[in-house]
Amino acid sequence: MIKKLLDKVFSRGAKASRAPTVVPVSRHGLTRERISRCARRTCEGLQEAGYEAYVVGGAVRDLLLDLEPKDFDVATDATPEQVHAVFRRSRIIGRRFRLVHVLCGQEMVETSTFRAPHSDDATHQVKDEHGRLLRDNAFGTQQEDALRRDFTVNALYYNPATEEILDFVDGMKDLEARRLRIIGEARSRYREDPVRMLRAVRLAAKLRMDLDPGTRAPIPEMAELVQNVPGARLFEEMLKLLLSGHAVACIRQLRAEGLHHGLLPMLDVILEQPMGERFVMLALERTDERVRADKTVSPGFLFAALLWHEVLAAWNAAQARGVAPVPAMHEAMDQVLSVQAERMSVPRRFGTDMKEIWLMQWRFAQRSGKRPFRVLESPKLRASFDFLLLRCESGELDAEVGQWWERFQNASDEERSRMLLPAPKGAGAGRKRRRRRQGGAGESSSAAEQVEQS
Ligand code: ATP
Ligand code: MG
């Protein structure tokens, strides 16, 4: 027992004392001007107060690869309370990891205290029955902090004061070789946090790096552990992946690694239906183009696209059972969203957007009477129309429908009236019969108006 303890102390002590490789600016070329103002101020503030502070993680990696960092993270030996004491405009957040958000103007820098990697000593760590870390708040040395990070290229510490990079894990070598390598033993790192498998796929696609063979090998057999990750975290990660600007590459890679099962349940099914696959891939291509052109992308639109063919199938099935189109659509949407929620919770605000886009697809099918005019007033017209065009382009709908709506939107009122299609035969009688069957819906409450109210 004592021997085990001593072994641990010594082996850990020996590891912790191994000096990092110090890479000077003359070799890596990353000067401090490229670090955001807020990240520099955070490091300076902490260093002036006597602490160590470095820019770390994705920002250092991206800058070394000549990519625009999404955000800047700082790592320090100051505790969250000490960081908070240095910066008036800061707040402590988080449960699984406690972090400090340091604010300067509009910018925010996430500042985390050096943490120890996993160890057999479970006092600061809580795991679930699959070995997944639930809480991980043991503070540690800088080297320990490097070792608990996910990939070697994500564990480079940049000191803006000296412009040096501290490298504990041969991350610079991997970066130069464009190799994404997990730190430590891949299997246990994936067991601790299965999201690392998704991150591996996403980062490899985004950084155009190859997965190191040892990092890749266990993924297919461990993929099912992703099922144990809470839905909200999975959604965040999936969103990062889909909005990375490399969604098409990521999805292809996910499929190649067998990771698409259980993420978006049915994504595998969708991708196996030729029409569904074409539609999803087109939507992802468009999204990638927009992200790369710095245009906004709506997550609601994206998820509406991913699940559209499921909604369509459920809608058709309900109508085949004799349910009227609009109630059938509501039934289909609720069914698809609730199956989805079992695996990956799509936040309610996106759910609302998705439903509006889907319902508008029914409304686009109505091209006679007053209905097309009401469509023009919908706040979701732009997104829903883009969605309609995707459906046309994927071959699900006749291109003529998209062209008609394009013209209709740009036409004068007079031209619009001329464009209307004749009312389908028997439609009026059918509507009346349905209204009576549904009971209670007042005289003026047509199916279209019910849609508008929803
Ligand atoms: P990007 O911001 O481009 O998505 P990133 O690597 O910066 O990529 P963040 O989620 O911002 O990703 O994480 C910041 C850093 O925290 C990472 O670079 C890595 O060092 C560490 N990290 C993030 N997620 C994990 C994880 N699941 N396991 C271990 N370390 C992680
Ligand atoms: Mg980041």
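Where a number appears in this text, it was derived from the coordinates with a stated rule and is not lab data. Treat the numbers as computed from the prediction; the structure is a model and nothing was measured. Positions of Cβ are backbone-derived with ideal geometry, glycine not excepted, and every protein chain shown enters the neighbour counts.
A few remarks follow.
- Filtered trypsin sites (Lys or Arg not before Pro), region 14-118: DSSP coil and at most 14 other beta carbons within 10 Å: ARG18, LYS70, ARG88, ARG89, ARG95, ARG96
- Each of GLU236 and GLU33 was given a label point 7 Å from its Cα along the Cα-to-Cβ line. The distance between the two points is 3.5 nm.
- The protection proxy used here, the mean number of other Cβ atoms lying within 10 Å of each residue, ranks peptides 44-53, 174-183 as follows, highest first: 174-183, 44-53.
- Simple spin-label estimate for LEU243 and ALA85 in nanometres, 7 Å along Cα-Cβ: 3.6 nm
- Spherically averaged projected area in nm², based on the convex hull that wraps the Cα atoms of region 171-325: 10.8 nm²
- Modelled FRET efficiency - R0 56 Å, LEU65 with LEU421, Cβ distances, 0.05 increments: 0.55
- Computed over the Cα atoms of region 165-260, pair by distinct pair, the Kirkwood hydrodynamic radius stands at 13.7 angstrom.
- Amide H contacts of LEU180 (H built 1.01 Å from N, under 5 Å, at least 5 apart or other chain): ASP210, LEU211, ASP212
- Semi-axis lengths, Å, region 26-116, gyration tensor of Cα atoms, sqrt of 5 times eigenvalues: 22, 13, 13
- Rg followed by Dmax, in Å, when region 284-374 is reduced to its Cα trace: 14.7, 45
- Kirkwood's formula applied to the C-alpha pairs of region 334-422 gives a hydrodynamic radius of 14.3 angstrom.
- Projecting label points 7 angstrom from Cα along Cα→Cβ for ALA293 and ALA411 puts them 2.7 nm apart.
- All Cα pairs of region 150-217, percent lying beyond 20 Å: 28 percent
- Using θ = phi - 60° and Karplus 6.51 cos²θ - 1.76 cosθ + 1.60, couplings along region 237-253 (whole Hz; Gly, Pro as x): 5, 5, 5, 4, 5, 6, 9, 6, x, 9, 4, 4, 4, 5, 5, 4, 5
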